[in-house]
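The values are calculated or read from the model by the stated rules, or taken from the named source; none is laboratory data. Since we're looking at a predicted model, the values are computed, not measured. Here the Cβ positions follow ideal geometry from the backbone for every residue, glycine too, while neighbour counts run over all protein chains shown.
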Amino acid sequence: MSSPVLGVVAVGNALVDVLAQTSEDFILQQNAQHGMEKGAMTLIDEPRALALYEQMGPGVESSGGSAGNTMAGFASFGGKGAFIGKVANDDLGKIFQHDLRSLGIEFTTQPLIIGAKTGRCLILVTPDAQRTMNTYLGASVELGADDIDEELIASAAITYLEGYLFDRDQAKQAFIRAAELAHKNNRRVSLTLSDPFCVDRHRSDFLNLVENHVDILFANEEELKSLFMQNDFENALNAVSKNVEIAAITRSEKGAVILANGQRTSIEAAPVTQVVDTTGAGDQFAAGFLYGFTEGKDIETCGKLGALAAAEVIQHIGPRPASVFAELIGKAA
C-alpha cells in the first residue's frame, strides 16, 4: 500500500455561513415562535431561511460548514487535504468552491445542476458568545455514495466524516461507502458527532457507525453522553473506550480528555483574553488534533494543538482562523 499524499479528506455539508450578533430576547422570541434552541443547530427550510435572514442584523458571510471549517484550520496549520461536499451551480456554490480551493484544499465534487440552492447556516451569536445555528441544508443533502471518490479516499491518511450531514439516508450511505473504502485501503476513519440534537435524532445509526466503522471520534461532553445515553461523563468515557481507537472529547473551559489505546490524557484549555464567539471551536480543535496526528505527533501534543486552535477561533467572530495556525505549532511543544 502506497503512502498517503493527503493528510485528511473531509466529507461534510457544503454551506455558506451568515453570522450576526443578537440579543437573548430575540432568541427567546424565536424559540417561542419557531422552536429555535439556544446553543444548538435547528434544521430549517428555504422559506424559513429567507425570512430569518431578513430579521437578522448586519452579519458576516463566509464559506462554512463544520467539516469545511476543520479543513480550513487543517490547511492553516500546513496540512494538505481535500473536501467532498455538494453545492449548487449558483453564485454561493461558486464562492464556496473558490474559498476552499484558495486555501489549497482539493475540491472536485460535481455541483448540483438542477434542484435545491447551495445550503447556508444562519448563526446568531448572543452576548455570552453562545452560537445558535439555523441551517438550510439545500444542495448539501444531495451528496450520495456516487460522490465518494475511491481514489481520493485512498490518497488520504484519514477520512473525516461530519455528523451534521447524517440527517439524510443517502448521506448515511455515503458515509458507509467512504468508511469502507478508507479501511479497504488501510486508512483511518474519523467522525465528529457535531451536535447532541443530531445524535438524539439518529442514535442507533451513529452507534452502528461508531462501533463498526470509526477509528477516531470527536465529540463534546454532551454529545458523548447523548450517544451512550449516560448522565455521567465517566460512564460515557468508559463506553466509548470499548468502541474506538481514539476518542477526543472536548469540555469547553475544562479542556479536553483524549482516550487512546486505553491511555487517558487530559488537555488543559488554552488561555483566552475574551470569548467572543464559540462557533467553530470544536471544528478547530479537530483541525489541530488531526494535523498533529497526521504529522506523527504524540497524543498530548495533538490535544494541545487542538486546544490552541479552539482558543484562537473563539476570540473573534467566525468559525475559521483569523491568524495563521502554523504559528501555534511551537506553543504545543
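Residue check: H98 meets all listed conditions (1) touching a Phe, Trp or Tyr at 6+ places or on another chain (Cβ under 9 Å); (2) surrounded by fewer than 18 Cβ atoms within 10 Å (Cβ to Cβ) but one, namely (1).
Select from region 50-106 the residues that are part of a helix (DSSP H, G or I) and among the charged types (D, E, K, R) and write down the one among them that is modelled with the highest pLDDT. Here the residue is R101.
For the residues L122, L92, L137, L112, the requirement of being touching a strand residue (DSSP E or B) at 6+ places or on another chain (Cβ under 9 Å) and within 17 Å of A10 (Cβ to Cβ) singles out L137. Within the option set E300, E253, E312, being modelled with pLDDT under 95, among the charged types (D, E, K, R) and in a helix (DSSP H, G or I) holds for one residue only, E253.
The sole residue among A269, A248, A287 that is in a loop (DSSP other than H, G, I, E, B) and either modelled with pLDDT of 95 or more or over 29 Å from F325 (Cβ atoms) (or both) is A269. Scanning region 250-269 for residues that are among the aliphatic types (A, V, I, L, M) and either crowded, with 23+ Cβ neighbours inside 10 Å or more than 20 Å from the chain's Cα centre (by Cα) (or both) yields A256, A260, I267. Does at least one position in region 196-204 carry a residue that is crowded, with 19+ Cβ neighbours inside 10 Å and either assigned to a strand (DSSP E or B) or in contact with a Ser or Thr (Cβ under 6 Å, 6 or more places away or on another chain) (or both)? There is at least one residue in region 196-204 that is crowded, with 19+ Cβ neighbours inside 10 Å and either assigned to a strand (DSSP E or B) or in contact with a Ser or Thr (Cβ under 6 Å, 6 or more places away or on another chain) (or both).
Out of curiosity, is G144 within 24 Å of I216 (Cα to Cα) and modelled with pLDDT of 90 or more? It is true that G144 is within 24 Å of I216 (Cα to Cα) and modelled with pLDDT of 90 or more. If you filter region 179-195 down to residues that are touching a helix residue (DSSP H, G or I) at 6+ places or on another chain (Cβ under 6 Å) and in a helix (DSSP H, G or I), you find that the one that is surrounded by the fewest Cβ atoms within 10 Å (Cβ to Cβ) is L181. Whenever a residue of region 297-323 is under 19 Å from E61 (Cα atoms), its partners that are among the hydroxyl-bearing types (S, T, Y) and assigned to a helix (DSSP H, G or I), lying with C-beta atoms within less than 7 angstrom and at least six residues away or across chains, give the pairs P321/S76. Criterion first (free of Cβ contacts under 8 Å to residues at least 40 places away in the same chain, surrounded by fewer than 20 Cβ atoms within 10 Å (Cβ to Cβ) and not in a loop (DSSP other than H, G, I, E, B)) does N235 satisfy it? Taking the combined requirement at face value, the residue satisfies it. One residue alone among E37, E54, E24, E61 is in contact with a strand residue (DSSP E or B) (Cβ under 6 Å, 6 or more places away or on another chain), of a type in the set (D, E, K, R) and surrounded by fewer than 22 Cβ atoms within 10 Å (Cβ to Cβ), and that residue is E61. Scan region 68-83 and give yes if some residue there is farther than 21 Å from L217 by Cα, buried (at least 18 other Cβ atoms within 10 Å of the Cβ) and in contact with a strand residue (DSSP E or B) (Cβ under 7 Å, 6 or more places away or on another chain), otherwise no. Looking through region 68-83, none of the residues is farther than 21 Å from L217 by Cα, buried (at least 18 other Cβ atoms within 10 Å of the Cβ) and in contact with a strand residue (DSSP E or B) (Cβ under 7 Å, 6 or more places away or on another chain).
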